[in-house]
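Each remark here refers to the structure printed beneath this line.
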Amino acid sequence: GELEAERSFKYSDIAVRLAPPHLLQPKPNVSDLRFGKYFTDHMFKVYYHEALGGWQTPEITPLENLVFHPAAKVLHYAIEAFEGMKAYRGIDGKIRLFRPELNMARMNASARRMGLPGFSSIEFIKCCTRLIGIDQEWVPHSEASSLYIRPTIVGIDPTLGVSSSESALLYVILCPVGSYFAGEKRTEGVSLLADPRYTRAWPGGCGDRKVGSNYAPTIRVQKEAAEKGLQQVLWLYGEDHQVTEVGTMNIFMFHINEDGEKQLVTPPLDGLILPGITRSSILELARDINEFKITERTITMEEVCRLVAENRLLELFGAGTACVVSPISYIEYMGQGLHIPTCDQPEPLYKKFLKTLLDIQYGYVPGHPWTWEI
Ligand code: PMP
């Protein structure tokens, strides 16, 4: 906490080196945006060297390649953590961040889990804000798009020991992005592969941290889903096939409980779940709505199947920065196809959350406490 803040780099020390005009890149058309394909003209960097007293001078530079020793620890042992957040161009033309202090707190927790140094959230947000200000013309003038912000921290010690890295690089790159599921309409639900042979997190592991090593092993499973014509993976855990997350989203279930009441459920933060900022925002909004029960508890596939069979499952949806809220319409599980009626509801709950969050992010609710104007 405070010690970390004291030892952190400071925004006031920032050095800015702008790209010369002839190196500025043309901005892509909004319709061409593919997730993470185009990058803005500048980046943020700050090195950490224990031998030199810790954090060095923070800087903004043109977007450029990084040079590491081939033994750099990140390249061997995935000593790395990252974040994903967005800047939105509102209807008033102002640019806003959404709850960035939560991303920074999560990044500090992820970095600590990798033995990497911490930093002051507020100083880092100020640095990010300056970077976005410099590249502000890259924030799309469209409510179907936004500027994705990717803070990354890597351990770069040029030594092969499996031990903590005495040097690190914290950097930020930015990309204009459209909607995550290219070409698909928001009103169509996603189809999922739920295969209990695979799991993404386990007790005592790092599933609750945003570290690169959680994502590499998911690529092949995601490909297997795609080969079956399914869009995302529903991640299960344990003998009882607990439902944990969907793709890179947290999951919510809206159903009619044993007492005939409507209830919203999401798995608890028990170490298997990434503590999503969208997840926590939806829980807060749901408490404000105050029209149904809200529970953080384990969901099993057996329960999902039973609720579908008894017509008591109303909605399943994913929640995350990339697509905010994403309805689920189909699950393939143990050779069985489950139709999920999320998109059949006349006034689905997921749409209410989607609209409220988009309204806050795109400035329809001026001065909302969850937004930071740039
Ligand atoms: N789960 C996983 C595994 C993720 O990678 C993400 C994206 N950060 C989320 C959930 C959603 O988190 P957030 O709402 O903070 O984007």
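Yes or no, residue by residue, for (1) free of Cβ contacts under 8 Å to residues at least 40 places away in the same chain; (2) of a type in the set (Gly, Ala, Ser); (3) in contact with a Lys or Arg (Cβ under 9 Å, 6 or more places away or on another chain):
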site: 17; (1), (2), (3): no, no, no
site: 28; (1), (2), (3): no, no, yes
site: 41; (1), (2), (3): no, no, no
site: 47; (1), (2), (3): no, no, no
site: 74; (1), (2), (3): no, no, no
site: 78; (1), (2), (3): no, yes, no
site: 85; (1), (2), (3): no, no, yes
site: 88; (1), (2), (3): no, no, yes
site: 94; (1), (2), (3): no, no, no
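Just checking, does segment 138-158 include any residue being touching a strand residue (DSSP E or B) at 6+ places or on another chain (Cβ under 9 Å), assigned to a helix (DSSP H, G or I) and modelled with pLDDT of 95 or more? Scanning segment 138-158 turns up at least one residue that is touching a strand residue (DSSP E or B) at 6+ places or on another chain (Cβ under 9 Å), assigned to a helix (DSSP H, G or I) and modelled with pLDDT of 95 or more.
Within segment 1-26, count every residue that is among the charged types (D, E, K, R) and open to solvent by 100 Å² or more (accessible area, probe 1.4 Å). Give the derivation first.
We begin by selecting, within segment 1-26, every residue among the charged types (D, E, K, R); these are 2, 4, 6-7, 10, 13, 17.
Filter once more, so that each one left must be open to solvent by 100 Å² or more (accessible area, probe 1.4 Å): 2, 6-7, 17.
Qualifying residue count for the region: 4.
Residue-wise test of (1) open to solvent by 40 Å² or more (accessible area, probe 1.4 Å); (2) modelled with pLDDT of 95 or more; (3) at positive phi.
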site	(1), (2), (3)
181	no, no, no
185	yes, no, no
188	yes, no, no
193	no, yes, no
199	yes, yes, no
203	yes, yes, no
210	no, yes, no
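Screening segment 271-289 for residues that are open to solvent by 20 Å² or more (accessible area, probe 1.4 Å) and without any contact (Cβ under 8 Å) to a residue 40 or more places away in the chain and picking the one that is nearest to the ligand (Cβ to nearest atom) gives 284. The set of residues from segment 251-270 being open to solvent by 10 Å² or more (accessible area, probe 1.4 Å) and closer than 21 Å to residue 203 by Cα comprises 268, 269, 270.
When residue 174 is tested against (1) farther than 30 Å from residue 348 by Cα; (2) open to solvent by 20 Å² or more (accessible area, probe 1.4 Å); (3) not in a loop (DSSP other than H, G, I, E, B), just one condition goes unmet, and that condition is (2). Answer yes or no: is there a residue in segment 31-39 that is over 30 Å from residue 142 (Cβ atoms) and modelled with pLDDT of 95 or more. Within segment 31-39, not a single residue is over 30 Å from residue 142 (Cβ atoms) and modelled with pLDDT of 95 or more.
The values are calculated or read from the model by the stated rules, or taken from the named source; none is laboratory data. Note that the coordinates shown come from a computational prediction; the quantities given were computed from them, not determined experimentally. Using ideal geometry, Cβ is built from the backbone for each residue, glycine included, and neighbour counts are taken over all protein chains shown. Accessible surface areas use protein heavy atoms only, side chains included; no ligands, DNA or RNA. Shrake-Rupley method; radii C 1.70, N 1.55, O 1.52, S 1.80 Å.
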